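Written out below as structure tokens is the structure these notes cover.
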Amino acid sequence: MTVNELAKRPGAWLRGDGPMAEIVMSSRVRLARNVAGYPFFSKATDAQRSELAVRMRTDLVAAGEGHWDYLEMASIEDLDQQVLVERHLISRQHADIRGSRGIAVSDNEDVSIMVNEEDHLRIQVLRSGLQLDEIWSEVSRIDDRIEGRIEYAFHPRYGYLTACPTNVGTGIRISVMLHLPGLKLTGEIERVFRAAKDMRLAVRGLFGEGTEATGDFFQISNQVTLGRTEEEIIDGFKNMVVPKIIDYEHRARRTLLADRLTALDDRVYRSFGILKHARTISSEETMLHLSHLRLGIHLDRIRDVDLRTVNELFLLTQPAHLQKIHGARMSGEQRSVARAEIIRRRLAGT
């Protein structure tokens, strides 16, 4: 598998075929693990990082049982690394750091394992819609297969040892990406932020830590792993956190339909018109208008656009993907022109 091959197909998180996918774009479970006998990545020497990366490549390919490919980050150019970030397969931090590191990716992109990021291993399973139970079952099986080949750094009292204290214990991070245009348009999004803060949750943008929310997308994730089991953390997300936010968003959408229909239609059709006819458009503006178009489709205000097309445009219009599609590096102005062109073609069905 190459990055060029990945860039030609939709990402796993944008398939739109999971439960509650009209609001829950994707669910992710990530485990932070470190290998016993090696210093944490930030304290390791270049030789130790290199030794660990070589060992992880052999062990991960074996643990993948023929379904995982391994990519050496040092051999991937910067643009291709940004493609992996845009596809949610690696973090921005993993792309930005230097030295021996890699990534194992499954055939369908549901599984990705970062080697030598903040921790030695970041094991991730990502799926469309709300599928936390299924994801946890899969990531747990993967974790067991890897642990059958590697001894993890583990303390009998504190659990899995990690570079960041907030991950100590289970090492689990649950992340659910939500599309919340109704709450944004009705001015009630602050309710979500306050509720998340009260429940000790983190709210981030589309590409995780250090990014702002664009296009009405928000990632909600747990901040603490110590003192609770994996099942307790997942259960809280599945039965309390996400359903409450989904209920808020549904109420907001009903309010828009019942009391603000003209304003809603104006917002949706303005965005649709801009996307269909613009000759130059920025990434931020694209995300906003695609968000409104996606809302219009779900509320049956727009009927002649396929939701899958809109979902794919969220990815294809990102800077690195645009340049891969065109086969050349482009300036910001060139990307704005190319972005508008691909949006017009896709919405016209060509």
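Brief remarks follow.
- Over the stretch 56-168, all Cα pairs binned in 10 Å intervals from 0 give whole-percent P(r) values of 13, 44, 36, 6, 0, listed from short to long.
- Highest mean packing comes first when the peptides 268-279, 158-169 are listed by Cβ atoms within 10 Å, giving 158-169, 268-279.
- Length released on extending from Arg149 to Tyr38, taking residue separation times 0.36 nm less the Cα-Cα span: 38.4 nm
- Mean-square fluctuations from a GNM of the chain, with a 10 angstrom spring cutoff on Cα atoms, peak among Thr317, Thr58, Thr280 at Thr58.
- Taken along its principal axes, the alpha carbon cloud of the stretch 104-203 reaches lengths of 52, 35, 24 Å, longest axis first.
- Cα-centre dipole for the chain with unit charges at Cβ (Lys and Arg positive, Asp and Glu negative), debye to 20: 840
- Prolate/oblate/rounded call for the stretch 50-107, Cα gyration tensor, a/c under 1.5 rounded: oblate
- Fluctuation leader among His88, His179, His298 - the chain, Gaussian network, Cα springs under 10 angstrom: His298
- Extension gain, Glu72 to Met20: 0.36 nm times the residue separation minus the Cα-Cα distance gives 15.2 nm.
- Extending 7 Å from the Cα toward the beta-carbon at both Arg98 and Arg260 defines two label points whose distance is 4.9 nm.
- Highest-MSF residue in the chain out of Pro19, Pro181, Pro156 [GNM, Cα springs under 10 Å]: Pro156
- With the simple spin-label model, which puts each label point 7 Å out from Cα in the Cβ direction, the Tyr269 to Asp107 separation comes to 4.7 nm.
- 222 nm mean residue ellipticity, helices alone, for the chain (DSSP H n ≥ 4; -39,500 (n - 2.57); rounded to 500): -14000 deg cm²/dmol
- Distance (nanometres) between label positions extended 7 Å along Cα→Cβ at Val224 and Arg55: 3.3
- Kirkwood hydrodynamic radius (C-alpha pairs) into Stokes-Einstein, the stretch 148-197, 25 °C and 0.890 mPa s, D in µm²/s: 173
- Between the listed residues Ala278, Gly332, Ser221, the Cα displaced farthest toward the positive end of the dipole of the chain, a dipole computed from Cβ unit charges relative to the Cα centre, is found at Ala278.
- Between the stretch 124-169 and the stretch 256-305, the alpha-carbon center distance in angstrom: 39
- The value obtained for the stretch 254-350, namely the Cα convex hull volume divided by the number of residues, is 85 Å³ per residue.
- Filtered trypsin sites (Lys or Arg not before Pro), the stretch 113-185: DSSP coil and at most 15 other beta carbons within 10 Å: Arg149, Arg157
- Each 10 Å bin, from zero up to the one with the longest distance, holds this percent of the alpha carbon pairs of the stretch 87-150: 20, 51, 27, 2.
Here, each number is a calculation from the coordinates, and none is a lab measurement. None of the values given here were measured: they were computed from a predicted structure. With ideal geometry, Cβ positions are generated from the backbone for all residues, glycine too; neighbour counts draw on all protein chains shown.
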